[in-house]
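Colleague: A single structure is presented below for examination.
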Amino acid sequence: MRLLALLTLILVLSACTTIPEQIQGTYAEISPARVEPSVFGSDVRWGGVIVGSTARDNQSCLEILSHDLDKYLRPKIEDSTAGRFIACQADFLDPMVFTAGREVTITGKIQKIEVRKVEDFDYRYPVVMVNDLVLWQKRQVVMRYRGFSDPFYDPFYGPWYGYGRRGYWGGYWGGWGGGYWGGIPPYQTGYLEPKVLLPKPAIIESQE
């Protein structure tokens, strides 16, 4: 039953994750780390994690740590990056919503390179004027139990440390129906590990 429920959950989550229509299409294969004046004016589709945001001069700008996109055009969870870039839009992007750590995917046109300080380093940021922006929902993290048992004991019992599926009295000392004579109970142990679930819907806000 647990396996069936898990398979059902996976199918539901897969069906709920779609590619947002506004960021579909074909774009130039230009890395944020490889922007030179010769590619100014190119249309790109980049994504990543928000580092910070500013709002001034009738526009809002997001500083984004870029990541490759997955098949749904959502930033991948990974340690590698192709650098940072700045995405600007002539609308107000509330900094309480577009907070550090949120994932975004943008399409837009490369405008220029802007030099800003990253600690004591002069960093060259490509600046993109945004056409479309997708702010993704926060990923949901659940804890799942991964267990294993001592192979020298009967695998019928568990998962509660050798006391059977019905607890201490029902699994071991519970009589002829499933107790001592039914097999020696195993000592089972395990651990909790995080599992990331993609929420529904895939996006909570888009800007046009």
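Colleague: Which order do Lys71, Lys117 take when ranked by solvent-accessible area (1.4 Å probe, heavy atoms of all protein chains), largest first?
Modeller: Result of the area sort, largest leading: Lys71, Lys117.
Colleague: Can you work out ³J(HN,Hα) from phi for every residue in the stretch 81-95, in order, using Karplus 6.51 cos²θ - 1.76 cosθ + 1.60 and θ = phi - 60°, giving whole Hz and x for Gly and Pro?
Modeller: Result, ordered by residue: 8, 9, x, 9, 8, 10, 10, 10, 9, 7, 9, 7, 9, 4, x Hz.
Colleague: Whenever you get a sec, line up Arg74, Arg56 from highest to lowest accessible area (probe 1.4 Å, protein heavy atoms).
Modeller: From most exposed to least exposed: Arg56, Arg74.
The values are calculated or read from the model by the stated rules, or taken from the named source; none is laboratory data. Because the structure is a prediction, the values reported are computed rather than measured. Side chains are part of the model used for accessible areas, which takes the heavy atoms of the whole protein and leaves out ligands, DNA and RNA. Shrake-Rupley method; radii C 1.70, N 1.55, O 1.52, S 1.80 Å.
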